[in-house]
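Please read the structure below before turning to the comments.
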Amino acid sequence: MGIETWVRNGLRAVGLGWAGIALSVLNLPLLVLWIVALALTPAAGIGMVALPFATSLVRARADLARRLAAGWCVTIERPYAPRPKGSLPVGWRRYKWILTDPATWRDLAWLLPGAIIGIALGAVSIAIPLYGLEGVTLLPLWLYLGVDWYGYGLFWPIGSFSQGVLSFPQGVLFLMTGLIAAPQLRRVEALFAWTLLAPTKNAQLRLRVAQLTETRSDTVDAQAAELRRIERDLHDGAQARLVSLGMTIGLAEELLDRDPEMVRKLLAEARETSGSALVELRDLVRGIHPPVLAERGLDGAVRALALSLPMPISVDIELPGRPETPVESAAYFATAEALTNVVRHSGANTAAVSIRHTDALLTMVILDDGRGGADPSAGTGLSGVRRRLAVFDGTMSLSSPPGGPTVVTMELPCALSSPKTSPFSGTG
C-alpha cells in the first residue's frame with residue numbers, strides 16, 4: 001500500500017468517525033421510539049401501525065451499519081425472515097412477523113451498545129489525528145501568544161523555544177498514529193456490529209431454505225416457459241412445414257400419372273420445404289443446447305458467439321477445464337443474453353468478455369462502452385439472467401452509470417472437471 005493510499009484511507013476513516021458518531025446518536029431515539037410503539041399496541045391498536053413503521057426505521061439504520069461495515073471488509077448479510085403469506089389480516093400478519101423474527105430483537109439489542117461503541121471509537125479515531133494536527137501547528141501559535149503555560153506532549157508547559165520546536169515531531173507522530181489507527185477502529189466497530197447484526201446459524205438456514213424455495217419456483221417457471229417456447233416454435237415452424245410437406249407429397253402422388261411436370265414442381269417444392277424445416281429444427285436445437293457448446297466447451301462457444309454478433313467483441317477466456325454440463329450451459333446462455341443486451345440496448349461500439357475460474361468460482365465479466373444507465377427492471381433480460389444464475393447459487397452484479405461504461409459481473413460457484421478440448425485453447 002502506497003503512502004497516498006494509506007493517507008487517503010486514514011482520512012476517510014477519520015471522516016467516517018464523525019459520521020459514525022452522528023449515526024450512533026440516532027440509535028437511542030430509535031430504541032425509545034420502538035419501545036413506545038410496542039407499548040401503544042393495547043391502546044386502540046395504535047402499535048399495529050406504529051410498530052412496523054418504527055421497525056422499518058430500525059432496520060434501515062441496521063442496514064446502513066451493514067453497508068458501512070462492508071467498506072471495511074466485514075460482510076454482514078441481512079438476516080430478516082421473508083414476508084409472510086397467508087389469509088391473516090395484513091396488519092396483524094405484519095405485527096406477528098416483526099415480533100417473531102429473532103433478527104428484530106438482535107437489531108434492538110445492538111442499538112444501545114452499538115451507540116456506545118460507535119461514539120467511543122469515533123471519538124478516539126478523531127481525537128488522535130486532531131491532537132497530532134495540533135502539535136504540527138503549535139509552534140507558530142506558541143510564538144504568537146508568547147506564553148509558557150501552553151503545553152503539548154512531553155512538555156507541560158512549554159517553557160522554551162526548543163521545547164516548542166519538539167512539539168512538531170511529536171505532532172507528526174500522533175498524526176501518523178491516528179491515521180493508521182482510524183481504519184482499524186472503524187473495522188473494530190464493524191466487527192462488533194457483525195456479532196449482533198449478522199444472521200445466526202438458524203437464520204442462515206431459514207434464509208437458505210427461502211432462497212432454495214424461490215430458486216426452485218423460478219426454475220419451474222423457467223422450465224415451463226421454455227417448454228412452451230419449444231412447443232410454440234415446433235407448432236408454428238417445423239410442424240407446419242412438415243404438414244405442408246406431407247400434403248405436397250400426397251398431391252404429387254395423385255398427379256403422378258396425369259401430370260408428371262406438375263409432380264416435378266411439387267417435389268422441388270417439397271425438397272425446399274424439408275430444407276427449411278431442417279433449418280428450423282437446427283435453430284431450435286441450438287436454442288436448447290448449442291452443438292458448439294457440446295463440441296468446443298464454453299471457451300469455443302463464447303468465441304463463436306462473439307464472432308457472430310455485429311460488433312467488435314474482444315474475448316479473453318482462461319479455463320483450465322470444463323464445468324459440469326448444466327453449469328456450463330447456464331454460463332453460456334447468461335453470457336449470450338448479456339451480449340444480446342449490449343447489441344440491442346447499449347448503443348456501444350465495442351464490447352469485451354472475460355471469463356476466469358479461480359477459487360472454485362467461475363467469473364464472467366461483460367463490458368461495453370455504451371451509454372450506460374442499464375436497469376434490470378426495465379425488461380432488458382438481466383433479471384432473467386439473475387434468475388438463471390440463482391438456480392446454481394450464482395450472482396449477478398451490474399455497474400452502469402449514465403454515460404457508461406456498463407459492466408456486468410456474473411459469478412457461478414463450480415468445479416472444473418475434464419480438461420478443455422476447444423480448438424481455441426491451444427492444447428491438444
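Things worth noting here:
- In the set (1) surrounded by 13 or more Cβ atoms within 10 Å (Cβ to Cβ); (2) in a helix (DSSP H, G or I), Leu367 fails one condition alone, (2).
- Residue in the stretch 338-349 that is open to solvent by less than 20 Å² (accessible area, probe 1.4 Å), touching a Lys or Arg at 6+ places or on another chain (Cβ under 6 Å), assigned to a helix (DSSP H, G or I) and within 21 Å of Leu412 (Cβ to Cβ) present: no
- Test: residue in the stretch 3-24 that is more than 19 Å from Arg187 (Cα to Cα) and at pLDDT below 90: yes
- Where a residue in the stretch 344-371 is at positive phi and of a type outside the set (A, V, I, L, M) and its partner, wherever it lies, is part of a loop (DSSP other than H, G, I, E, B) and open to solvent by 30 Å² or more (accessible area, probe 1.4 Å), with Cβ under 8 Å and at least six apart: Gly347/Arg371
- Given (1) open to solvent by less than 20 Å² (accessible area, probe 1.4 Å); (2) within 17 Å of Val407 (Cβ to Cβ); (3) out of contact with any helix residue (DSSP H, G or I) (no Cβ under 6 Å at 6 or more places or on another chain); (4) of a type outside the set (Lys, Arg), index of the condition Asp316 fails: (1)
- Within the option set Leu38, Leu28, Leu51, Leu11, being surrounded by 13 or more Cβ atoms within 10 Å (Cβ to Cβ) and either within 20 Å of Ile119 (Cβ to Cβ) or polar (S, T, N, Q) (or both) holds for one residue only, Leu28.
- Looking across Leu307, Leu361, one residue alone is open to solvent by 10 Å² or more (accessible area, probe 1.4 Å) and either closer than 19 Å to Met396 by Cβ or touching a strand residue (DSSP E or B) at 6+ places or on another chain (Cβ under 7 Å) (or both). It is Leu361.
- Conditions (1) part of a helix (DSSP H, G or I); (2) free of Cβ contacts under 8 Å to residues at least 40 places away in the same chain; (3) within 23 Å of Pro291 (Cα to Cα): number failed by Ser383: (3)
The values are calculated or read from the model by the stated rules, or taken from the named source; none is laboratory data. Please read these numbers as outputs of a predicted model, since none were measured by experiment. Cβ sites come from the backbone with ideal geometry, for glycine too, and all protein chains shown count toward neighbours. These accessible areas exclude ligands, DNA and RNA; they are computed on the full protein's heavy atoms, side chains included. Shrake-Rupley method; radii C 1.70, N 1.55, O 1.52, S 1.80 Å.
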